[in-house]
Amino acid sequence: MLNFSFNKSLRLLDATAYKAVFDDAQLKVSKQQVLYLARKNGTTTPRLGLVIAKKNVRHATERNRIKRILRESFRLQQHQLGGIDTVVLARRGLDQLDNSALHRLFNQLWQQLYEKSLKAEKKAK
RNA sequence: CGAGCCAGCCAGGCAGUCGCUGGGCCUUUUUCUCUAUUCUUUCACUUGUGGUUGAACGGGGUUGGGGCCGAGAGGAAAGUCCGGGCUCCAUAGGGUAGAACGCCAGGUAACACCUGGGGGGUGCAAGCCUACGGAAAGUGCAGCAGAGAGCAGACCGCCUAAGCUUCCUCGGAAGCCGGUAAGGGUGAAAGGGUGGGGUAAGAGCCCACCGCGUAGCUGGUAACAGUCUACGGCAUGGUAAACCCCGUUCGGAGCAAGACCAAAUAGGCCCACUAUAGGCGUGUACCCGCGCUGUGGGCGGGUAGGUUGCUAAAGAUUUAUGGCGACGUAAAUCGUAGAUGAAUGACUGUCCACGACAGAACCCGGCUUAUCGGCUGGCUCACUUU
């Protein structure tokens with residue numbers, strides 16, 4: 001039985017961790033409303049960081065909703081990803097989507113990210 | 001039943017699966033650590049004590065894993081517009097400047113809030129609105145229209161008594177000099193209103209009533225009110241969310257406040273050691289040469305980071321009691337989010353009225369703004385029926 005919990009070890013916890021991803025984004029996946037930046041973290045578990053700017057998503061309730069659904073989708077996909085640190089940035093218009101559309105969007109992007117990371121590994125070899 | 005007014009309450013429910021945050025309890029050698037007892041190693045001597053080495057078996061704390069239990073956004077959590085608590089800094093006292101407030105009384109920790117009362121406005125009414133001190137200290141401002149807009153003003157109209165001139169039928173007529181704020185007209189506003197007297201025509205010019213002002217009296221804690229009394233012929237147009245004047249209040253900065261612990265790197269201070277030394281690198285090794293460089297320890301400030309502040313509170317509910325009321329007092333009961341790259345959820349099913357506005361960030365009291373609907377109570381008006 002896999003463990004689908006989502007505790008602090010699966011999050012980016014401070015500015016240095018965020019900065020590492022921003023400065024060395026090996027993998028990028030994006031759609032009109034979101035951008036994923038990611039890099040290897042040298043461990044076997046993935047970690048997630050969120051940047052939902054007030055500028056792009058006006059209301060606090062909408063920001064909370066997006067973050068919750070993002071974390072939920074990450075929680076369910078975590079075993080596919082391996083040791084990757086990811087920062088997700090919201091763009092304008094993300095708050096226009098409803099919950100099910102958000103789920104679809106995020107799952108699609110996690111899939112793309114996973115495939116890209118496999119390719120990158122093959123190249124390295 | 002229709003239209004409307006006021007006050008208060010609710011903010012999708014239920015079930016299943018998977019999660020998040022911080023509590024409580026249990027469990028697990030998972031980490032580090034403290035410690036009782038027993039045995040053991042070795043040393044000292046005052047010969048059974050103390051130190052020391054290791055082990056066994058307990059107990060506690062801490063960290064990690066697992067399990068169970070119960071808790072977990074709002075009426076506005078929002079805007080950050082007021083007021084306070086709390087924290088640090090400053091502070092003899094007074095004044096100036098500046099800001100806020102502005103009918104009266106009360107409530108409160110305090111307020112720009114609330115309650116009660118008064119004045120004004122508005123609605124048939126229940127009610128609602130009210131920035132409601134001073135224009136009789138000074139300065140300023142006011143489009144268009146209009147003759148004139150603040151020591152008023154003759155455009156039309158009205159008058160021709162007095163004075164002058166001319167004519168004359170000696171009654172008067174015309175003109176000049178003028179008079180006049182009743183009427184028309186302009187304007188948001190034209191310097192009290194109505195009636196009478198008066199007059200050439202008029203005019204607070206005089207009178208009555210109404211209104212206004214001042215002083216008194218009466219009622220009221222007061223704002224204020226009065227069908228009361230006296231006096232004043234009437235003066236003082238508007239604007240103070242224009243400057244201003246008067247009265248009252250106000251020290252500053254904020255939880256990124258403040259307190260504590262505290263890496264790495266750089267720098268500071270102190271102490272010890274060392275100057276033909278030592279360390280590192282290098283010439284194949286030694287001797288020796290060359291290049292680079294003081295070494296070790298401690299202290300304090302302080303950054304990242306962590307802990308705390310951090311939720312028990314001017315607290316809620318109920319009852320009693322004082323008060324018209326806001327609210328106060330007393331007793332009993334309850335113990336109600338505390339995150340920090342930031343939790344309080346996601347999915348599925350189901351029911352219905354088909355779910356609005358919207359997310360705590362030190363904490364309270366207000367105000368303001370947003371809001372799908374639903375429910376409860378009280379009241380007003382209109383209609384119908386009896």
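Bear in mind that the values in this text are calculations on the coordinates, not laboratory data. In this text the structure is predicted, and so the values were computed from the model without any measurement. Note that we place each Cβ from the backbone using ideal geometry, even for glycine, and neighbour counts take in every protein chain shown.
In order along the range A:98-113, the phi-based Karplus estimate (6.51 cos²θ - 1.76 cosθ + 1.60, θ = phi - 60°) of 3J(HN,Hα) comes to 8, 4, 5, 5, 4, 4, 4, 4, 5, 5, 4, 5, 4, 4, 4, 4 Hz; Gly and Pro are listed as x. Over all orientations, chain A has a Cα convex hull whose mean projected area works out to 8.1 square nanometres. Each peptide in A:69-76, A:28-35, A:96-103 receives the mean, over its residues, of other Cβ atoms within 10 Å, and ordering these scores from highest gives A:69-76, A:28-35, A:96-103. Helical content alone sets the calculated 222 nm signal of chain A at -15500 deg cm²/dmol, taking -39,500 (n - 2.57) per DSSP H segment of four or more residues and averaging over every residue. Placing dummy labels 7 Å off each Cα toward the beta-carbon, the span from A:Ala101 to A:Lys67 is 2.3 nm.
A straight Cα-to-Cα reach below 12 Å connects A:Lys40 with the aspartates and glutamates A:Asp24, A:Asp85, A:Glu121, residues fewer than 8 places away in its own chain not being considered. The residues packed around A:Asp24, meaning those with a beta-carbon under 11 Å from its beta-carbon, carry a net charge of +1 if Lys and Arg are +1 and Asp and Glu are -1. Among A:Thr45, A:Thr61, the order by Cβ neighbours within 10 angstrom, fewest to most, reads A:Thr61, A:Thr45.
Of A:Lys55, A:Lys40, the sequence from fewest to most neighbouring Cβ atoms within 10 angstrom is A:Lys55, A:Lys40. Using a cutoff of 8 angstrom between alpha carbon atoms and counting only pairs six or more residues apart, the relative contact order for chain A works out to 31 percent.
With 22 Å as the limit on Cα-Cα distance, the pairs of A:Lys19/A:Lys122; A:Lys67/A:Lys119; A:Lys67/A:Lys123; A:Lys31/A:Lys119; A:Lys55/A:Lys116; A:Lys28/A:Lys67 that go past it are A:Lys19/A:Lys122; A:Lys67/A:Lys119; A:Lys67/A:Lys123; A:Lys55/A:Lys116.
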